[in-house]
Structures are given as structure tokens and as C-alpha cells.
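Please treat every number below as a calculation from the coordinates, not as lab data. All figures in this text were calculated on a predicted structure; none of them were measured in a lab. Cβ placement follows ideal geometry from the backbone for every residue including glycine, while neighbour counts extend to all protein chains displayed.
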Amino acid sequence: MWKKTTGENSNDLTRKVEAFTVGNDYMLDQVLVPYDLAASAVHAEALTIAGVISDEEYMLLTHGLEDIHEAWKKGSFKILPEDEDMHTAIENELTLKLGELGKKIHAGRSRNDQVLTAVRLYEKEKLNEVLRSVIKTAELLIIFAEKYEKVPMPGFTHTRKAMLSSVALWAGGYAELLIMQVKAADGVRSLVDRSPLGTAAGFGTTFSINRELEAEKLGFRQTMICATTAQLSRGWVELQLVQYLSALSSIINRLASDVIHYSSEAYGFFDLDEAVCTGSSIMPQKKNPDLAELMRARHSRMASHASALQTLIANLGSGYHRDLQLTKEPVIQSFEDALELFEAAKWLIVSINPQVEKLKNACTPELFAAEAANHLVKNEGKSFREAYRIIKENPGSIPHQSPEEMLKEYSHLGSPGNPGLSLLRVELENLT
Ligand code: ARG
């Protein structure tokens, strides 16, 4: 009924409006087809239980849906702009094959709960895919840290040399942050993991659909209770999901930034494999960290998806609004960005070759100034303030110590001499 006259009989303005309202939504839907098919199969089952369609009709419908899935896998199920969206394209295809029966499937549902269900199923799956990649990235960082555990490195504050650190402590910090963020996924997952199916246009239906059963069949942890929650949650859940992904990418953004600097001539701490670098078309000597730079930039793009969603949902009252259609793109784009970014992160990590001599030589005496003051506290009973003053006034009195020897003096957990890599490993293994 929503379908206006299109094609040859529609007038020019109708066609232009249709092109505007459909936009690129039909292309984005191409990704969501399998999820819409899964939800449709479960809806058909619920209609059968409710006595709306017969068992035989249910069988025919599920076979029809399976055929569409096969065609989609082969790339031959295409949604056209004139279909408007995947929901209509799928129903049209069913009707083509099954006649009037194809149209029966739309009893008790609306594209409003359909799209939301498909998107949430997609999000659940993609979130797990991203997390698997993040866990792998954290593991590579731990392997890297273990390999270079005893290699000293200057630690910086304000981009100025601060205190002694180590390659393991540098990499371990990023690994721990990734582990923390993977654990935090439980929060965002609980937002995604409530089934909106059966809420129809946003207010339910008089068909006695077993929504809890639908949720269970689709693998949702819970059913969205109030039908009104469904449309209120659209974009709001997506915002938090995209913010979550953007927080993940910010970890890689900072890692990439360190790698860019530490592999520059100014530092010389890391050498990067040729494979992750590019040359210059004019300067023959150049070995540029383009991959790391684009990883850093990818985060900025991901952060912009979150602000797009934030702006999009502001001021919308309850219920469905067509504005919500535009929540799809930032979500799909964020997942694609996150998956590509963590692939790249893995390539980058395994390409870092710490330059041990340069790192040691960079550990110049001023790095030990704070520890020299600590020494006066420990051995001469001075207050720290007094010891600080003495060292500040006599920087030459800082003992020359080899950074490797100095590493051994650090014993507490999380210090350069004891970065706690075995604890990180345990946490990582508990994630998988
Ligand atoms: N493409 C639409 C969206 O993503 C599907 C729902 C259409 N519903 C409607 N009432 N026009 O929001």
C-alpha cells in the first residue's frame, strides 16, 4: 500500500523524490540481506504458531527464503533502487515464486521492526568479528613485548624524555588497553542483544506473535519489552556501538602515532619492514610510514561516524522517523573501518624492528634524574623535596648507569623491569 505508482507511469517529480528518499539505502541493504532473511524465517514460524499461515505455507516460505539466500551468496540477488529496500525486494521475490503466499509473510510486521532486527543481528555478528581481531592484535603486542622484554627505551612525557621505560612496557600498555576495551564490550553488547522483532511499526500488533520465542530463535539474549523502545533505541544503540568502535580505534591511533615518530630519523628506535612503507616519487631516499599514517587517520573517520549519529538522533521524538534510515551507513562504515584497521594493526606490529643499540644510547643520564633523587631518599634519609633540589642543582651528579642494569632495579608490577606480561597473557587467554 505504501507503494506509489513508479516506473513509466510515475511523473518526473515522483521519480526524483523516490531517488532522494532511497538514496544509497538499497546498496547498504545488500549487506543486510542474510539477516533480514533469518528474521523473516523466524517471523514466518511465529505466524504459523499464531495460526495465521499453515504448516505447508510455512515450509514453502522458508524454502523461498533459503533460495533467496543462495542467490544472494552467489551475488545474483540484487536490490534495485526501484525496490526501495531489501524488505520489499525480498517480498517481491517471494511473491514472484509463490504468488499470493509471498505477500502473507508481511502480516504482523512492519519494515520498521524488520530493519531494526536485521541491523541488530548484523551488529552482533560484526562486533564478535571485530573483537576476535582485537584479541589477535593484543596477542601480537604481547608476543612483541615478550621478544623485546629486556630492551630499555626512554619514556616520554610532553614529548620530552622523562624516565626509563622499556619496549615491553611500551607495547604492554597498548595490549592492556585493548584487553580492557574487549572486556567493556559486554556493556555495548547488552544494548544490541535485545530483539526488536514483533514490535511492528512501533506499537505491536493484534496477531498473537510469540516475541520471546522469536528472540530465542534468533539468538538474542533478551526481548525488547515495550514496543516503543524499539524505535527509541534505533540510532541510540548504534551511537554507543559506534562510539565503542571509535574508542577501540583511538588505541590504534595512538599506537600508530608512536610508531610514526619512533621510526623517524629523529628517534630511530624502530625500523619498519619495507612492506609497510612507501617511497616518494621525487626523493629516492624516502621510506614513509603511510600505512601507520592512514591507520591514524582511520580513527578520525570513525570518530566522525559517531558524531554523525549523535546529530542524527537529536530532537527526534519517539516512534519511527525516516531520518533513522541514515543511521545505517555510519554503522556499516564503522564496522568496515574497524575490521580493516585491526587487520592493518596486525601487519604493522609484526613489521616493527626495535633498534636495540639506538634505544640503549637514547637512554641518556637525565632519564635517571628522578631515580637519583629516590636514591638519596632511600640511602641518605633525605626528604624527596630536598633530594629533588639537590639533583636539580647538580645534574652532573646523576650516576652513569647502564639502562639494562637500571631495568633490574625496578621490581614492582608494571615497571620497566617487571612489565607483568604473564598477567597480560592470562587476561588475554580468559577472553578467548
Ligand atoms: N529503509 C527504511 C529505514 O531504514 C526501512 C523502513 C521504512 N519504513 C517506513 N516507514 N518508511 O528506515
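Summary of values
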{"quantity": "Equivalent ellipsoid semi-axes - Cα gyration tensor, the chain, angstrom", "calculated": "57, 23, 19"}
{"quantity": "Theoretical FRET efficiency, 1/(1+(r/R0)^6), r = Cβ-Cβ of residue 15 and residue 257, R0 51 Å, to 0.05", "calculated": "0.60"}
{"quantity": "Members of 217/346; 136/360; 78/104 lying beyond 31 Å, as alpha-carbon distances in this model show", "calculated": "217/346"}
{"quantity": "The stretch 325-370: C-alpha gyration tensor shape, a/c 1.5 cut-off, then a/b vs b/c", "calculated": "oblate"}
{"quantity": "Expected-Rg normalisation [2.2 N^0.38 Å, Cα atoms] applied to the stretch 235-352", "calculated": "1.33"}
{"quantity": "The chain: angle of helix 86-98 to the longest principal axis, Cα-based, in degrees nearest 10", "calculated": "40"}
{"quantity": "From the C-alpha gyration tensor of the stretch 128-273, square roots of 5λ in Å", "calculated": "46, 15, 11"}
{"quantity": "Reach of residue 97 by Cα under 14 Å, taken over aspartates and glutamates that are not fewer than 8 positions away in the same chain", "calculated": "57, 66, 67"}
{"quantity": "Principal-axis tilt of helix 369-380 within the chain, Cα atoms, nearest 10 degrees", "calculated": "60"}
{"quantity": "Tail beyond 14 Å, pair distance distribution of the stretch 61-146 (Cα, percent)", "calculated": "75"}
{"quantity": "Contour excess over end-to-end distance, with Cα ends at residue 304 and residue 107 and 0.36 nm allotted per residue", "calculated": "67.1 nm"}
{"quantity": "Calculated from backbone phi, Karplus (6.51, -1.76, 1.60) coupling profile of the stretch 341-348 in Hz, x at Gly/Pro", "calculated": "4, 6, 4, 4, 4, 5, 4, 5"}
{"quantity": "For the stretch 2-103, convex hull of alpha carbons as volume per residue, Å³", "calculated": "105"}
{"quantity": "Peptide ranges 254-262, 283-291 listed from the most packed, as the mean C-beta count within 10 angstrom indicates", "calculated": "254-262, 283-291"}
{"quantity": "For residue 162, residues with placed amide H under 5 Å, excluding near neighbours", "calculated": "155, 156, 157"}
{"quantity": "Longest to shortest principal axis, alpha-carbon extents of the stretch 294-401, angstrom", "calculated": "73, 38, 19"}
{"quantity": "Volume of the Cα convex hull of the stretch 182-234, divided per residue and given in Å³", "calculated": "73"}
{"quantity": "Two-decimal ratio, the stretch 155-219, of alpha-carbon radius of gyration to 2.2 N^0.38 Å", "calculated": "2.19"}
{"quantity": "Cα long-axis angle, helix 384-393 against the chain (0 to 90 degrees, to the nearest 10)", "calculated": "70"}
{"quantity": "Shape metrics for the stretch 356-432, restricted to C-alpha atoms - Rg then Dmax, Å", "calculated": "16.3, 53"}
{"quantity": "Peptides 426-432, 202-208 ordered by average Cβ neighbours within 10 Å, highest first", "calculated": "202-208, 426-432"}
{"quantity": "Semi-axis lengths, Å, the stretch 25-176, gyration tensor of Cα atoms, sqrt of 5 times eigenvalues", "calculated": "52, 15, 13"}
{"quantity": "Total charge dipole magnitude, the chain, about the Cα centre, Cβ charges on Lys, Arg, Asp, Glu only, Debye to nearest 20", "calculated": "1220"}
{"quantity": "Calculated SAXS-style log₁₀ I(q)/I(0) at q = 0.22, 0.27, 0.29, 0.31 Å⁻¹ - the stretch 130-186, Debye, Cα scatterers", "calculated": "-0.81, -0.97, -1.03, -1.10"}
